[in-house]
Amino acid sequence: SAVISQKPSRDICQRGTSLTIQCQVDSQVTMMFWYRQQPGQSLTLIATANQGSEATYESGFVIDKFPISRPNLTFSTLTVSNMSPEDSSIYLCSAQGDWGGYTFGSGTRLTVV
Amino acid sequence: DAKTTQPPSMDCAEGRAANLPCNHSTISGNEYVYWYRQIHSQGPQYIIHGLKNNETNEMASLIITEDRKSSTLILPHATLRDTAVYYCIVRPDNYGQNFVFGPGTRLSVLP
């Protein structure tokens with residue numbers, strides 16, 4: 001299955017700033033997904049990132065707050081904009097393989113102070 | 001919403017088999033059962049998946065009932081490193097269909 005490199009692994013950011021998280025896959029994949037995991041909670045899908053088209057956002061998530069880029073079939077970025085302490089979470093990217101299942105990155109632990 | 005129900009937590013003695021149940025009574029004919037685990041805030045790790053037949057790999061076995069309304073993940077010889085949150089997910093075999101994660105089962109393997 002695909003190997004996903006995600007960075008940064010963690011960051012501490014000031015409120016009002018933005019952070020861009022990068023996700024690199026070692027093979028071409030059509031579908032990539034971004035998840036958020038708030039402290040003590042399960043994973044929640046933010047959006048689906050397709051190459052060549054705008055990302056599709058889940059209810060409760062908007063492009064202005066979480067802009068996503070997908071310039072090619074091996075790379076995607078998620079930006080957390082105008083951050084507040086409520087954005088402190090783990091952010092995870094994942095890619096769907098040919099076998100149908102997902103591979104996940106190791107996550108970005110974001111703390112907003 | 002997640003289509004599965006799992007116990008919130010379980011304990012297992014080291015070296016014994018860990019049997020993690022999952023109910024998915026509304027599963028459809030084209031939906032697979034996937035199991036993932038997440039070890040202390042790392043990214044979820046794939047374990048195994050199946051449609052209706054029992055499956056086994058180097059990590060675990062998956063037992064699916066004949067009516068497919070429930071399944072059990074079996075870790076045959078649990079170790080301390082198997083302590084994690086285990087997620088049971090049902091999903092159609094359609095490309096692009098995302099995974100919906102429930103709260104999972106927190107398995108604690110005790111020495």
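The values are calculated or read from the model by the stated rules, or taken from the named source; none is laboratory data. What you see is a predicted model; the values in this text were computed from it and never measured. Note: ideal-geometry Cβ built from the backbone for every residue, glycine included; neighbour counts use all protein chains shown.
Quick notes
- If only residues of segment B:82-107 that are modelled with pLDDT under 95 and not in a loop (DSSP other than H, G, I, E, B) are counted, the one that is nearest to the chain's Cα centre (by Cα) is B:89.
- Segment B:23-73: number of residues that are more than 14 Å from every other protein chain (Cβ to nearest Cβ), in a strand (DSSP E or B) and touching a residue at least 40 places away in the same chain (Cβ under 8 Å): 5
- Test set (1) away from chain A (no Cβ under 14 Å); (2) buried (at least 18 other Cβ atoms within 10 Å of the Cβ); (3) not in a strand (DSSP E or B) - residue B:20 fails condition number: (3)
- Condition check for residue A:47: part of a strand (DSSP E or B) and closer than 17 Å to residue B:36 by Cα: no
- Flag for residue B:39 being surrounded by fewer than 18 Cβ atoms within 10 Å (Cβ to Cβ) and touching a helix residue (DSSP H, G or I) at 6+ places or on another chain (Cβ under 9 Å): yes
- Restricting the first member to segment A:77-103 and to residues that are at positive phi, and the second to residues that are among the small types (Gly, Ala, Ser) and surrounded by fewer than 17 Cβ atoms within 10 Å (Cβ to Cβ), the beta-carbon pairs closer than 8 Å and six or more apart or on different chains are A:82/A:16; A:82/A:18.
- Taking the numbered list (1) farther than 29 Å from residue B:31 by Cβ; (2) within 14 Å of chain B (Cβ to nearest Cβ) in turn, residue A:104 passes all entries but (1).
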